[in-house]
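Peer 1: I'd like to ask some things about the structure below.
The values are calculated or read from the model by the stated rules, or taken from the named source; none is laboratory data. All figures in this text were calculated on a predicted structure; none of them were measured in a lab. All Cβ positions, even for glycine, are placed from backbone atoms using ideal geometry, and neighbour counts span all protein chains on display.
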Amino acid sequence: MTTFTTDTPLRRAHVEPAAFNQIALAHGGGGQLTDVLLNSTVLPRLDNTILSDLLDAGVIGQRIGALALTIDSYVVEPLFFPGGDIGRLAICGTVNDLAVSGARPLGVALAMILCEGLPRAVLERVLDSIRAAAAEAEVHVVTGDTKVIERGDAAGIYLTTAGVGRIPPGRRLHPEHVQPGDVLIVNGPIGEHGLAVMLAREMPEVKSVLRSDAAPLAGLVGLLLRRVPEVVFMRDPTRGGLAGVAADLAARCGWHVALEESHIPIRPEARHAAEMLGLDPLDIANEGKVLVVVRPRDEAAALEALRAHPLGRAACVIGRVEDNRDGRCELYTTIGGRRIVQKPYGEQLPRIC
Amino acid sequence: MNPPEHDVRKSLERLAAATKGGRELAFMEVCGTHTTAAFRCGLPSVLPRHVKLISGPGCPVCVTAQQDIDLLVEAAGRQGVTLCTYGDMIRVPGRRGSLQEARGRGARVHVVYSAMDAVALAQAHVDRQVVFAAVGFETTAPATAAAVQAARRRGLTNFTVLNSHKRIVPAMQALLERGAKMKDGLGIDGFVCPGHVSVIIGARAYLPLARDYAAPCVISGFEPWQMISALARLAELAQSGRAEVINEYPEVVSPDGNRAAQKLLDEVFQPAETRWRGLGLIAQSAWVLRPAWREFDAQVRFGLTPPEDCEPKACLCGKVISGLALPTDCSLFGRSCTPLQPVGPCMVSSEGTCAAWFKYSWRQAPHRPLPILAGASP
C-alpha cells in the first residue's frame with residue numbers, strides 16, 4: 001500500500017477538485033478521491049522534489065548512494081483473513097514498495113497503535129506473523145514504537161511500517177522512461193487480496209477458497225533485476241488495483257497503454273467473487289503482485305526470470321505501450337471491444353443486487 | 001469465464017444479418033448489472049451501427065425518488081437510530097446531503113450486505129432503533145420480507161424498514177404506454193430482460209408486455225456473449241414483427257420463477273402506486289408492507305412523512321433512466337457531476353448509466369464525448 005500515490009494532477013485538470021469539509025471513508029480508498037485529498041491538502045503543505053515524484057518510495061541521498069524510503073499504515077479489518085493478517089500485510093506492503101522502486105530492503109521500522117483490551121494472544125499472533133514475513137523478505141524490524149488508545153470503535157491494532165532500501169548506482173525506475181513498444185508484464189493472477197479481505201469482512205458466512213496473495217516481492221524482483229537490469233518501471237498494484245496502476249502509468253508517461261483482457265490472469269474463484277460483489281477485478285487490491293514494464297527486447301528474458309521464482313510462475317504479458325500521446329489506458333476486451341480503464345474513484349462498494 | 005469465441009462471433013454475425021438494410025433498432029436493458037456488464041466488456045463498441053442498447057430504469061439506487069433519499073437522511077439523523085443500507089445508497093446526495101455526509105456528522109449509518117445483517121444488528125443492540133433502507137427490485141425484496149418475518153419471530157421491537165422496493169414490470173409497461181422515445185425519435189423495439197429479477201418473477205411475467213404492447217422480450221444472462229445473443233434474438237424478432245418472450249437464461253430462470261420467494265413477497269408486501277425518479281408515479285409499481293406488518297414500517301414508527309419530491313436542478317438522471325437522454329446530453333455530466341462529486345444517483349451507483357459512461361467510455365474531454373451507443377467507437 002502506498003500512501004502518497006496520485007495521478008499527475010494536471011492531466012485531470014478538467015475534473016474540479018472536490019471541495020470537502022470533512023474526511024469521508026472514500027478519501028482513504030486509494031482512488032481518485034485519495035488523490036484529491038493529497039493534491040488539495042497534503043502536498044501543498046509538505047511538497048518537495050522527492051515527495052512530488054509520488055513514487056512508491058522516495059529516493060534520497062543520491063550523493064552518498066541512493067536510498068529509498070517508504071511508509072504505510074495498515075488499518076485492515078478483520079485483522080486475520082485467509083492468506084494473511086495485518087502483520088504480514090504491513091511487512092509485505094513496505095518491502096514491496098521498496099522492491100518495486102528498485103531498492104534492496106535494508107530495514108523496517110514498526111509503529112503499533114493498540115486498543116485497550118486487546119488480548120495478548122492476538123498481539124502475539126500478529127507479531128509472529130510479522131517475524132515470519134520479515135524472515136521471508138530477508139529484512140529485520142530494526143526500530144519501533146508502541147502506543148495504546150482507549151477502547152473505541154477501533155479494530156484492535158493499527159500498524160505503521162516504514163522501510164529503507166538501497167538502490168544500486170545507475171538504477172532509476174521512473175514512468176518518464178516508458179516508451180511506445182514497451183511491454184507490460186504481471187507476475188500472476190490479480191484481485192485476490194482485496195476479494196479475500198472483503199469476503200472475510202462482509203460475508204464471513206461465505207466459504208471461499210480465495211486467499212490473499214500477500215507476499216514479499218523482494219526476492220522475485222531481485223531475481224528479475226539481476227537477469228534484466230534494464231527494467232523500465234515497476235509498481236505494485238495494491239489499492240486501486242491493476243486499473244489504478246495502469247491508468248496512472250498512462251497518465252504519467254503520457255503514452256497510450258493497451259491492456260489485453262484475455263491475457264490478464266484471473267482465477268475463476270476471484271472472477272466469481274468479484275461478480276457476486278459487483279466489482280471489476282481490475283479495480284481490486286493485490287499485495288503480492290507487480291506490474292513490470294520492460295523493453296520489447298527484454299520480454300522473453302523478463303518472463304523467464306519471473307517464472308523461475310515461486311511468486312512468478314504465472315507471469316505473463318498483459319499489454320503494451322502504444323505510440324499515441326493520449327495518456328489513456330484502454331482495455332481490449334474478450335469480445336473484441338474496447339473500453340477505457342481509469343483509476344477507481346473511492347471506496348469499493350459492493351452493489352445491491 | 002472467457003466466452004467461447006465462436007459464440008461471440010456467431011452472435012455478432014446474426015445481429016448484423018438481422019439488422020442489415022433494416023431500420024435502426026433500439027433495445028432497452030432494465031438491469032444495472034447488464035448496464036455495467038455491457039460497458040465493462042466494451043459491448044457498445046462492437047454493436048452494428050443500426051443497433052442501440054439503451055439503459056432503462058434498472059439500477060435500484062437510480063430509480064429511488066429524491067424524496068425517499070431525503071427521508072433516509074432524515075431517519076438517520078433521528079436520536080437513537082442506526083440506519084442500515086446497501087453500499088451504493090450512502091453516496092446519493094439528497095437535499096440535506098447524503099447518508100455518507102450524515103455519517104460524517106455523527107449519524108450511525110452502517111453498510112450491510114443483506115437485510116438479515118440489519119436484523120442481527122438490531123438483536124445485538126436492543127438499545128438502538130435499527131432502520132433498514134429497503135431498496136431494490138424483486139431481487140432484494142424477498143430478503144426484506146424474510147428479515148421482517150424474522151424480526152417478528154424474534155420479537156424485535158427495534159427493527160423497522162424504510163421501504164422503497166419496486167416492481168420492474170409496471171415500469172417497463174409505463175415506458176411503453178407513454179410511448180417513450182429517445183431524443184432521436186427511436187421507440188423501444190424490445191427489452192433485454194434482467195437475469196436476476198427474472199429468477200424470482202419468472203419468464204411469464206413479461207407476457208403482458210409482448211401481448212399488449214407488441215414488445216419482444218428476451219431474458220439474458222450477464223456474460224457478454226449472452227447479451228450479444230439476446231440482442232441478436234431481439235433484432236430477429238423485431239425485424240420479423242414477432243412479439244414473443246424468449247428465455248435465453250434457462251439455467252436459472254424458469255417460466256414461473258421462484259415460487260417460495262413469490263410467496264414470501266406476497267405474505268409481507270402488496271403492490272401499490274409509487275414515485276420513481278424521472279418516471280413519476282406508476283400504478284402497482286411498489287412493494288409496500290401489508291397492514292399486518294405496519295409495525296415494521298419506519299415511517300409509521302417515527303412519524304416520518306416524505307418531503308416534497310424535488311430532483312436536483314438540471315440533473316437529467318430521470319431522463320437517463322427513462323431512456324430519454326444520454327448521460328452526455330446532461331449539462332452537468334463530467335463537469336459539476338463526476339463520480340467524485342455526484343449530483344444525481346446515476347453517477348453514484350456503480351450500476352448507474354452515467355457512472356458506467358464516465359468510467360468505461362469517456363475518452364474525450366467532457367465537452368466532446370464520443371457517441372459510443374451506436375457502436376461508433378473507433
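Peer 1: Is it true that some residue in segment A:27-49 is surrounded by fewer than 16 Cβ atoms within 10 Å (Cβ to Cβ), under 28 Å from A:Asn187 (Cα atoms), at pLDDT 75 or above and assigned by TED's automatic domain parsing to the domain that holds A:Asp145?
Peer 2: no
Peer 1: Moving to a separate point now. Which of the residues belonging to segment B:55-94 are basic (Lys, Arg) and away from chain A (no Cβ under 14 Å)?
Peer 2: The one that is basic (Lys, Arg) and away from chain A (no Cβ under 14 Å): B:Arg78.
Peer 1: Sticking with this one: When you scan segment A:152-260 for helices (runs of 4 or more DSSP H) that lie fully inside it, which ones turn up with 2 or more residues that are modelled with pLDDT under 95?
Peer 2: Hits in segment A:152-260: A:192-202, A:241-253.
Peer 1: Output yes when any residue across segment A:295-318 is assigned to a loop (DSSP other than H, G, I, E, B) and within 21 Å of B:Asp88 (Cβ to Cβ), and no when none is.
Peer 2: no
Peer 1: For B:Val109, are the conditions met, namely being within 13 Å of chain A (Cβ to nearest Cβ), under 24 Å from the mean Cα position of the chain (by Cα) and of a type in the set (A, V, I, L, M, F, W, C)?
Peer 2: yes
Peer 1: Which ranges mark the helices (runs of 4 or more DSSP H) fully within segment B:1-79 that have 2 or more residues being more than 23 Å from the chain's Cα centre (by Cα), more than 23 Å from B:Val199 (Cβ to Cβ) and in contact (Cβ under 8 Å) with a residue 40 or more places away in the chain?
Peer 2: Counting at least 2 such residues, we get B:5-19, B:66-77.
Peer 1: Among the residues of segment B:102-118, how many are under 10 Å from B:Gly77 (Cβ atoms), assigned to a loop (DSSP other than H, G, I, E, B) and in contact with a helix residue (DSSP H, G or I) (Cβ under 6 Å, 6 or more places away or on another chain)?
Peer 2: Residues meeting the conditions: 1.
Peer 1: Any idea which residue in segment A:317-342 is farthest from the other protein chains (Cβ to nearest Cβ), counting only those that are of a type in the set (A, V, I, L, M, F, W, C) and under 23 Å from B:Glu223 (Cβ atoms)?
Peer 2: My answer is A:Ile318.
Peer 1: May I ask you to verify whether A:Ala258 is touching a Gly at 6+ places or on another chain (Cβ under 6 Å) and either crowded, with 17+ Cβ neighbours inside 10 Å or more than 10 Å from every other protein chain (Cβ to nearest Cβ) (or both)?
Peer 2: Taking the combined requirement at face value, the residue satisfies it.
Peer 1: Scanning segment B:33-54 for residues that are within 12 Å of chain A (Cβ to nearest Cβ) and at pLDDT below 90, which turns out nearest to B:Leu281 (Cα to Cα)?
Peer 2: Restricting to residues being within 12 Å of chain A (Cβ to nearest Cβ) and at pLDDT below 90, the top hit is B:Pro44.
A quick yes/no check of all residues on (1) over 16 Å from the mean Cα position of the chain (by Cα); (2) of a type outside the set (A, V, I, L, M, F, W, C); (3) under 22 Å from A:Asp213 (Cβ atoms); (4) not assigned by TED's automatic domain parsing to the domain that holds A:Glu287:
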{"residue": "A:Thr143", "(1), (2), (3), (4)": "yes, yes, no, yes"}
{"residue": "A:Lys147", "(1), (2), (3), (4)": "yes, yes, no, yes"}
{"residue": "A:Glu150", "(1), (2), (3), (4)": "yes, yes, no, yes"}
{"residue": "A:Ile157", "(1), (2), (3), (4)": "yes, no, yes, yes"}
{"residue": "A:Thr161", "(1), (2), (3), (4)": "no, yes, yes, yes"}
{"residue": "A:Gly181", "(1), (2), (3), (4)": "yes, yes, no, no"}
{"residue": "A:Ile185", "(1), (2), (3), (4)": "no, no, yes, no"}
{"residue": "A:Gly188", "(1), (2), (3), (4)": "no, yes, yes, no"}
{"residue": "A:Gly191", "(1), (2), (3), (4)": "no, yes, yes, no"}
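This table checks each residue for (1) under 15 Å from A:Gly319 (Cα atoms); (2) not hydrophobic (A, V, I, L, M, F, W, C).
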{"position": "A:Leu173", "(1), (2)": "no, no"}
{"position": "A:Val186", "(1), (2)": "yes, no"}
{"position": "A:Leu199", "(1), (2)": "no, no"}
{"position": "A:Ala218", "(1), (2)": "no, no"}
{"position": "A:Leu223", "(1), (2)": "no, no"}
{"position": "A:Pro229", "(1), (2)": "no, yes"}
{"position": "A:Gly241", "(1), (2)": "no, yes"}
{"position": "A:His263", "(1), (2)": "yes, yes"}
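Peer 1: I've got another one for you. Out of all the residues in segment A:250-293, which are over 24 Å from A:Arg307 (Cβ atoms) and of a type outside the set (A, V, I, L, M, F, W, C)?
Peer 2: Once the filter is applied, which keeps residues that are over 24 Å from A:Arg307 (Cβ atoms) and of a type outside the set (A, V, I, L, M, F, W, C), segment A:250-293 yields A:Arg252, A:Gly254, A:His256, A:His272, A:Glu275, A:Gly278, A:Asp280, A:Asp283.
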